[in-house]
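This report refers to the structure that appears directly beneath it.
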Amino acid sequence: MNFEEHAAKPLLRAAGVGTPNGVLARTPDEAGAAARRIGPCVVKAQVPTGKRGKAGGIKLAGSAEEAKAAAASILGMTIGEHRVETVLVEEQVAIAGEMYAAVLNDPASKGPLLLFSAEGGMDIEEIAAKHPAALVRLAVDIRRGLDAEVLESALPPVPGIDRGALVDLLLRLYSVYADSDAELVEINPLAATQDRRLVALDCKLAMDDSGVPRREGLARTGRPDKLTELEARGKALGLKFIELEGTVGVLANGAGLTMTTMDAVRHFGGAPANFMEIGGESYTKAKPALELVLANPRVRCLLVNFCGAFARTDVMTEGVIDAWQALSPKIPVFFTIHGTNEDEAIAMVKERLGITPFDLMDDAVKAAVEAAR
């Protein structure tokens with residue numbers, strides 16, 4: 001779940017990180033009224049995506065009338081498939097320098113990763129490309145948290161910046177990450193002001209969807225990802241379904257096995273049409289899951305990969321066969337089945353569908369990729 005800037009910054013302020021004074025406005029008149037109170041300001045489109053400035057969604061205003069005109073030009077525009085419905089009117093800050101700071105989930109270390117650069121105000125990809133030596137990467141042991149001494153030793157000297165204040169801010173940023181079930185908390189730019197303060201001029205927050213039940217109050221201020229019609233149906237059914245652009249329909253149990261299956265499809269030259277896993281308590285939902293996968297008109301074949309421990313492969317397989325026979329799809333299907341009650345599941349596929357499941361996953365994947373061509 002992504003959060004707009006105006007919803008993310010209160011978390012920074014609560015943690016003791018400075019941000020500009022600002023007011024959320026829904027109309028040009030509200031933006032003008034906010035500017036009268038604030039003075040020279042920045043009018044910023046509120047959408048849960050980046051590159052707002054490049055899209056014309058951030059404008060400086062020196063007066064209430066300019067703020068009103070800026071809001072009028074920004075409200076209603078579309079940025080990254082998101083319609084702008086509100087703007088944040090913030091005081092202008094006298095900037096002496098810009099930095100970059102973030103804490104995010106790192107697949108490589110399987111834990112938090114702190115990123116810092118004395119070069120900010122641009123996309124992190126651009127920072128990494130233009131100033132690779134300036135980008136600090138510090139893996140954090142989530143069991144121990146971010147250590148102040150380790151952090152201080154990792155940071156480069158930044159001219160004109162109070163090192164103690166910078167370390168303190170980054171520690172506070174990590175606390176926001178940890179306390180919010182975040183996947184990403186990013187400040188870009190982190191401004192050093194002419195009066196030697198550190199101020200977060202922007203903030204991006206992405207929350208782990210699995211944390212929503214634990215952070216219901218926070219989640220109410222977020223913007224859920226836009227779902228396709230099929231994804232919305234999957235959510236209503238309690239299924240983890242993501243629609244993709246490929247042609248090989250994938251049905252597996254467990255997120256890890258599903259992603260491995262999708263990677264194998266790509267490895268052998270195909271493209272998965274979806275992510276669909278029925279692990280855990282969803283292992284009895286094979287029938288509605290298959291109906292959802294087959295509702296995608298791009299699907300040219302189906303690849304079923306079951307590997308059960310807690311989940312019984314015969315229960316999952318029976319659901320797939322029931323759905324398959326009820327829907328009578330005109331596409332080929334390929335099975336590979338291992339785990340609890342696999343003999344029963346394999347026999348069921350042979351008897352009811354006249355198909356012999358593949359013993360090796362790779363062979364099933366290759367056959368599915370070829371059939372989808």
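The values are calculated or read from the model by the stated rules, or taken from the named source; none is laboratory data. On a predicted model such as this, the values are computed, not experimentally measured, just so you know. A quick note on method: Cβ atoms are made from the backbone with ideal geometry, for glycine too, and the neighbour counts reach across all protein chains shown. Just the protein is used for accessible areas: all its heavy atoms, side chains included, with ligands, DNA and RNA removed. Shrake-Rupley method; radii C 1.70, N 1.55, O 1.52, S 1.80 Å.
Of the solvent-accessible surface of the range 51-102, computed with a 1.4 Å probe and all protein chains present, 49% belongs to carbon and sulfur. For Rg/Rh (Cα atoms, Kirkwood Rh), the value computed from the atomic coordinates appears in the list (i) 0.98; (ii) 1.08; (iii) 1.00 under label (ii).
Measuring r between the beta carbons of Glu216 and Asn105 and using R0 = 22 Å, the FRET efficiency lands at 0.55.
For the range 260-320, the share of accessible area belonging to carbon and sulfur comes to 50 percent (1.4 Å probe, ligands and nucleic acids excluded).
Estimated from helical segments only, the mean residue ellipticity of the chain at 222 nm is -11000 deg cm²/dmol, where each DSSP H run of four or more residues counts as -39500 (n - 2.57). Modelled label positions at Lys285 and Asp263, each set 7 Å beyond Cα in the direction of Cβ, lie 2.5 nm from each other. Based on the Cβ-Cβ distance of Lys54 and Ala139, what FRET efficiency does E = 1/(1 + (r/R0)^6) give at R0 = 35 Å, to the nearest 0.05? That pair, Lys54 with Ala139, gives E of 0.65. Each label was represented as a point 7 Å from its Cα along the Cα-to-Cβ direction; for Arg352 and Ala128 these points are 4.6 nm apart.
Taking all protein chains as shown and a probe of 1.4 angstrom, Asp343 keeps an accessible surface of around 110 Å². Applying 0.36 nm per residue to the separation of Glu370 and Arg37 and subtracting their alpha-carbon distance, the gain on full extension is 113.4 nm. Only protein atoms count toward the accessible area here, which uses a 1.4 Å probe; on the range 152-228, the carbon and sulfur part of that area reaches 49 percent. Within the assembled protein chains, the solvent-accessible surface assigned to Lys350 is about 100 Å², based on a 1.4 Å probe. Using only Cα atoms and rounding to the nearest 10 degrees, what angle (0 to 90) does helix 255-267 make with the longest principal axis of the chain? Roughly 80 degrees between the two axes. Against the longest alpha carbon principal axis of the chain, how many degrees, from 0 to 90 and to the nearest 10, is the axis of helix 313-327 turned? The two axes meet at around 80 degrees. The angle between the Cα long axis of helix 163-179 and the longest principal axis of the Cα atoms of the chain comes to about 40 degrees, rounded to the nearest 10.
Summing Cβ point charges (Lys, Arg +1; Asp, Glu -1) relative to the Cα centre of the chain gives a dipole of roughly 800 debye.
Taking every protein chain into account, the accessible area of the chain amounts to 48 square angstrom per residue (probe 1.4 Å). Summary of packing: across the peptides 246-254, 320-328, 136-144, the per-residue average of other C-beta atoms within 10 Å ranks them, highest first, as 246-254, 320-328, 136-144. By a 1.4 Å probe calculation restricted to protein chains, Leu104 has an accessible surface near 40 Å², given to the nearest 10.
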